[in-house]
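Data first, discussion second: the structure below is written as structure tokens.
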């Protein structure tokens, strides 16, 4: 247990404790945010007749805990000995049963042990903001916020640390490992929006308690549209207000786009001294530093900037991969790590804009159904023939991908925002490529439950189960918690989703813009220069760096990697040289391979051992 806790000390450096109950052991590292002097975990609670009946472990925050606490007191006479949200979770479980999980507004992964019924009940938040891994073997079952903690218990659990080749193939296509898989065959994840029970020696029984359902309602007049926009502002203002609840200082990330700027502007209503943070690179077109600074000035907040160099990225990437647990080939997570490290010297909590694109229709790819609409009128046989024609067009020729994708149905062509390797490309690189493994393994369930919806809404629905929880939220959680910084995402709130789910298609995507309803709503909040800016996020110039500053570094990683049984080294080196010569842009594919090789060197080979710093945060005044 000591090693397992030490593996994730960065998630909670303020205090650590364990609790033993028969065959059950709980351990916790705390990052103190609410009720700093109390709410220690593991926390025991019970009704007056059995005060020690339950023990709870809880990672995250419940933003409506004050309202829920008041309800439990009024309805049931519940008694509390702390002022925090942890006690509210276990009391709600006692009085409301397992349905209580649907009442929680927050980000969470928790376990409640009922010593009377001898059962553990747990759950993970609706969108998958907070992680929860588990492993089960002859030696028992264990849960943890970090996979590396479970790997440290492999001998106790009597599980193997074998690589999951199926998950690896998914990773090389998607740039992340999809839930519930991990790259270790016997370690899995509790899925977002899922609760579960397990008794000692028993099997895990899961149940999905949250199924996102888009129920767009037609707008019959301008006044209907105005009401929708007002409703969006109102629910976002309420969500941000609740996300500001903390007994420590709360700041905000500011990338320069509408999402983060709206969050920061609403947060300033509660903290006039709000500090915002952004990051960028000293390369034109790969930085939002200037526009973020302009936004910060417009809303009147103090602003902190951290620029990142290619040398810093190369030096830090192995450590970042260690923090990730499983590889995520999103270059944006590197600058996120640096700005999180900077922010932690000023604040302990930050707000961010993740989730707005999935809920309100913000990705440019969501406009693809408009551009591909003419293909829908082409007879099936001719459409397939067009797809075959696209294969004869050389790579890099304009129109090739449009023709290829236009020949495919939505279910065949769309599997989330990232498309790293197509099957025909992956065959040349991955040894043991399995044609039976498909992105449809990951997306099929989401397409089944969204049958009959318009294509854009179906794409949003797929992204909630793939891109959002596989990439966006993993990098957000891992990179901030690596620096003992709590990140909160007000867009990913059940009440915000309730409103967003009603937005009709024409209020999401137009030929000119995305997130139309959100942009119209935020005219009341966001500076005008931000409202219609093209989305950048934290773009990383790896396309250029892998041709210049990073080329030798990348080549060394490829040559030193002990992955010849998994990857064709010659083919990977050829990708690198083709990229360097400018023949083709292989930057995203190369980045996915490099991150995997570093991960393999750390977690499988044991050849790489990044020096993990002790959590230490001198505060800048």
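Summary table below
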read-out: Hits in segment 216-236 (condition: touching a residue at least 60 places away in the same chain (Cβ under 8 Å) and either part of a helix (DSSP H, G or I) or in contact with a strand residue (DSSP E or B) (Cβ under 9 Å, 6 or more places away or on another chain) (or both)); value: 225, 228, 229, 230, 231, 232, 233, 235, 236
read-out: Count of residues meeting criterion [in contact (Cβ under 8 Å) with a residue 40 or more places away in the chain and not in a loop (DSSP other than H, G, I, E, B)] in segment 185-206; value: 8
read-out: Residue 444, sole failed condition from (1) farther than 30 Å from residue 501 by Cα; (2) surrounded by fewer than 15 Cβ atoms within 10 Å (Cβ to Cβ); value: (1)
read-out: Residue in segment 170-179 that is crowded, with 19+ Cβ neighbours inside 10 Å, closer than 30 Å to residue 118 by Cβ and in contact with a strand residue (DSSP E or B) (Cβ under 8 Å, 6 or more places away or on another chain) present; value: yes
read-out: Members of segment 91-110 that are over 21 Å from the mean Cα position of the chain (by Cα), surrounded by fewer than 24 Cβ atoms within 10 Å (Cβ to Cβ) and either outside any helix (DSSP H, G or I) or on the phi < 0 side of the Ramachandran plot (or both); value: 93, 94, 95, 96, 98, 99, 100, 103
read-out: Residue identified as at pLDDT 95 or above, part of a strand (DSSP E or B) and buried (at least 20 other Cβ atoms within 10 Å of the Cβ) among 122, 128; value: 122
read-out: Count - residues of segment 429-440 that are at pLDDT 95 or above and either closer than 25 Å to residue 585 by Cβ or in a helix (DSSP H, G or I) (or both); value: 4
read-out: Output for segment 45-64, where each listed residue is in contact with a strand residue (DSSP E or B) (Cβ under 7 Å, 6 or more places away or on another chain) and surrounded by fewer than 19 Cβ atoms within 10 Å (Cβ to Cβ); value: 46, 52, 53
read-out: Residues satisfying the stated conditions in segment 2-18, i.e. surrounded by 15 or more Cβ atoms within 10 Å (Cβ to Cβ) and either out of contact with any helix residue (DSSP H, G or I) (no Cβ under 9 Å at 6 or more places or on another chain) or closer than 18 Å to residue 487 by Cβ (or both); value: 8, 9, 10, 11, 12, 13
read-out: Helices (runs of 4 or more DSSP H) fully within segment 503-621 counting 2 or more residues that are closer than 28 Å to residue 282 by Cα and either touching a strand residue (DSSP E or B) at 6+ places or on another chain (Cβ under 6 Å) or in contact (Cβ under 8 Å) with a residue 24 or more places away in the chain (or both); value: 542-545, 551-560, 569-581, 587-603
read-out: Matching residues in segment 451-482 - criterion: being surrounded by fewer than 22 Cβ atoms within 10 Å (Cβ to Cβ), touching a residue at least 24 places away in the same chain (Cβ under 8 Å) and not in a helix (DSSP H, G or I); value: 453, 454
read-out: Residue 260 within 25 Å of the chain's Cα centre (by Cα), in a loop (DSSP other than H, G, I, E, B) and surrounded by 24 or more Cβ atoms within 10 Å (Cβ to Cβ); value: no
read-out: Some residue of segment 74-81 being touching a helix residue (DSSP H, G or I) at 6+ places or on another chain (Cβ under 8 Å), within 28 Å of residue 21 (Cα to Cα) and either touching a residue at least 40 places away in the same chain (Cβ under 8 Å) or part of a strand (DSSP E or B) (or both); value: yes
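The values are calculated or read from the model by the stated rules, or taken from the named source; none is laboratory data. Since this is a predicted model, take the numbers as computed values, not measurements. Here the Cβ is made from the backbone with ideal geometry for all residues, glycine too, and neighbour counts use every protein chain on show.
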